[in-house]
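Student: Have a look at the structure that comes next, please.
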Amino acid sequence: MMNTSVSILRQLVSFDTTSRHSNLALIAWVADYLQSRGARVELIYNESRDKGNLLASIGPEREGGVVLSGHTDVVPVDGQEWTSDPFALVERDGLLYGRGSSDMKGFIACSLAALEHWRSMQLRRPLHFAFSYDEEVGCFGAHSLVERIAGSIPKPAFAIIGEPTDMRIGVAHNGVTGSHTSFRGVAAHASDPSRGVNAIDAAAGFIRYLGDVARLPQVVANGCTLNVGRIAGGAATNIVAERCSVRWEYRTSNKQDADFIQERVADYLAGEASAELDVTSQVELDVPQFCTNLGEETMQVLTACGAKLPVTKLPFGSEAGIFERSRIPSVVCGPGSIDQAHRPDEWIALAALEEADRFMSKVGAWASKPQPD
């Protein structure tokens with residue numbers, strides 16, 4: 001399957017699916033590829049119908065199958081110095097360079113390449129393809145995709161989210177909540193700031209408070225993090241700033257810690273520091289915590305197929321928690337390294353694709369085994 005995987009990856013990388021763009025050209029290509037090979041394919045669009053998820057299945061329509069899940073969007077290349085075209089797959093010294101090659105079009109390519117092999121087998125369990133949009137900016141597409149899986153196909157045994165883990169089995173990661181907090185004060189001439197209410201001052205105080213929360217013993221001890229990613233406000237140096245906004249996030253491993261942070265932030269924003277301002281705070285990003293509910297039997301299936309131990313808690317978020325929230329047991333496991341993701345000259349090794357091809361072949365063999373009555 002190796003040549004097929006590389007050929008498909010070359011095609012997938014050629015689509016610029018940076019999250020700010022539509023992914024529909026890639027989805028249409030994948031849908032045609034799957035339909036022409038006998039898969040049952042459904043598309044799930046966003047509200048504006050400029051982005052789409054793909055859900056496809058082969059094999060019997062029964063419970064107990066496996067979902068192969070990947071996101072189709074990639075992060076921007078803006079400001080990065082690439083030595084080749086980011087959207088043209090280039091091979092050098094056993095490495096394949098291109099945006100998304102590692103994160104995570106390599107996994108998608110290997111799952112599609114396996115279809116030719118799987119078609120020749122008598123599958124006794126279904127194999128499902130689930131490809132989403134906008135994972136990189138908040139896992140937005142996965143919510144409607146997983147909802148459709150939970151509501152329209154027989155319950156899968158488990159899902160594999162193919163983020164790059166070097167094929168190690170990822171069993172947990174922190175959740176991520178991202179918020180946009182806006183302050184509106186009163187504009188005035190800078191010659192007499194007392195006539196206004198400076199929104200930048202308020203935002204700065206809020207940022208300092210977030211730093212205080214990040215250093216609280218409960219937050220530090222439980223491995224939670226807070227980060228301010230962007231601040232924007234003001235119009236000119238001679239105007240008391242009327243508006244300022246802060247985009248920030250926190251990452252936690254459980255709901256109790258998330259509630260602890262959110263309650264303190266809400267109390268601060270409702271307190272004296274914001275008394276003279278109009279303050280709004282809206283959650284823009286919701287990636288749930290992930291801790292797998294896989295049983296020992298499923299772990300044995302994965303390792304027999306070539307997934308690696310020891311299991312690991314991942315340093316990055318994924319769509320796995322969305323599957324778990326819908327009671328679909330999940331793992332994160334895919335070819336390539338997260339160390340290569342999001343960087344200029346992103347790459348995946350040919351050897352990593354070969355490893356994933358062997359894994360996919362064994363997944364098909366497992367799905368073909370007779371099941372006990």
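The values are calculated or read from the model by the stated rules, or taken from the named source; none is laboratory data. Predicted model, so just to flag it, every value in this text is computed and none were measured. Glycine gets a Cβ as well: all are built from the backbone with ideal geometry, and neighbour counts include every protein chain shown.
Student: Between A130, A109, which is among the small types (G, A, S), buried (at least 22 other Cβ atoms within 10 Å of the Cβ) and not in a helix (DSSP H, G or I)?
Tutor: Exactly one residue qualifies, and that residue is A130.
Student: Consider the stretch 190-248. How many of its residues are out of contact with any strand residue (DSSP E or B) (no Cβ under 7 Å at 6 or more places or on another chain), hydrophobic (A, V, I, L, M, F, W, C), closer than 19 Å to D278 by Cα and in a helix (DSSP H, G or I)?
Tutor: Count: 1.
Student: Okay, moving on. Within the stretch 3-14, does at least one residue satisfy the condition of being at pLDDT 95 or above and either over 30 Å from A365 (Cβ atoms) or in contact with a Pro (Cβ under 9 Å, 6 or more places away or on another chain) (or both)?
Tutor: Yes, the conditions are met somewhere in the stretch 3-14.
Student: Moving to a separate point now. State all residues of the stretch 156-182 that are among the small types (G, A, S) and part of a loop (DSSP other than H, G, I, E, B); if no residue qualifies, say none.
Tutor: Across the stretch 156-182, the qualifying residues are A157, G162.
Student: I would also like to ask the following. One residue is enough: does the stretch 165-178 have a residue meeting the conditions modelled with pLDDT of 95 or more, of a type in the set (S, T, N, Q) and closer than 13 Å to E319 by Cα?
Tutor: no
Student: Of the residues T18, T72, only one is under 19 Å from S101 (Cα atoms), in contact (Cβ under 8 Å) with a residue 40 or more places away in the chain and in contact with a Pro (Cβ under 7 Å, 6 or more places away or on another chain); which?
Tutor: Just one listed residue meets the conditions, T18.
Student: Taking only pairs six or more apart or across chains, which ones have beta-carbon atoms under 9 Å, a first residue in the stretch 279-298 that is over 13 Å from S318 (Cβ atoms), and a second residue that is surrounded by 13 or more Cβ atoms within 10 Å (Cβ to Cβ) and of a type in the set (D, E)?
Tutor: L285/E249; N293/E324
Student: Hey, does the stretch 337-346 have a residue that's of a type in the set (S, T, Y) and farther than 15 Å from R125 by Cβ?
Tutor: yes
Student: Do any residues in the stretch 131-148 that are in the same structural domain as S111 (by TED's automatic domain parsing) have Cβ atoms under 7 Å from those of residues that are of a type in the set (K, R), where the two are at least six apart or on different chains, and which pairs are they?
Tutor: Pairs that qualify, where the first residue is in the same structural domain as S111 (by TED's automatic domain parsing) and the partner is of a type in the set (K, R), are Y133/K51; D134/K51; G141/K51.
Student: Could you list, in sequence order, all residues of the stretch 146-160 that are closer than 19 Å to Y133 by Cα and crowded, with 20+ Cβ neighbours inside 10 Å?
Tutor: V146, I149, A159, I160, listed by residue number.
Student: Checking the structure you have, find out if any residue of the stretch 57-71 is among the acidic types (D, E) and either part of a helix (DSSP H, G or I) or over 19 Å from A157 (Cα atoms) (or both).
Tutor: There is no residue in the stretch 57-71 that is among the acidic types (D, E) and either part of a helix (DSSP H, G or I) or over 19 Å from A157 (Cα atoms) (or both).
Student: Go through the stretch 235-251 and count every residue that is out of contact with any Ser or Thr (no Cβ under 8 Å at 6 or more places or on another chain) and crowded, with 17+ Cβ neighbours inside 10 Å.
Tutor: Final tally of qualifying residues: 3.
Student: A further question follows. Based on what the data block shows, is A88 at pLDDT 95 or above and not in a loop (DSSP other than H, G, I, E, B)?
Tutor: Spelling it out, it is not the case that A88 is at pLDDT 95 or above and not in a loop (DSSP other than H, G, I, E, B).
Student: Restricting attention to the stretch 340-373, report how many residues are crowded, with 19+ Cβ neighbours inside 10 Å and within 15 Å of the chain's Cα centre (by Cα).
Tutor: 1
Student: Taking the stretch 270-298 as the search range and keeping residues that are of a type in the set (G, A, S) and surrounded by 15 or more Cβ atoms within 10 Å (Cβ to Cβ), which one is nearest to A258 (Cα to Cα)?
Tutor: Top of the filtered list is S281.
Student: If I ask for residues that are of a type in the set (S, T, N, Q) and either more than 20 Å from the chain's Cα centre (by Cα) or surrounded by 20 or more Cβ atoms within 10 Å (Cβ to Cβ) (or both), which ones from the stretch 299-339 would you list?
Tutor: Of everything in the stretch 299-339, those that are of a type in the set (S, T, N, Q) and either more than 20 Å from the chain's Cα centre (by Cα) or surrounded by 20 or more Cβ atoms within 10 Å (Cβ to Cβ) (or both) turn out to be Q300, T303, S318, S330.
Student: A follow-up question, please. Looking at the stretch 300-322, is at least one residue among the basic types (K, R), touching a residue at least 12 places away in the same chain (Cβ under 8 Å) and closer than 22 Å to K362 by Cα?
Tutor: The answer is yes; a qualifying residue exists.
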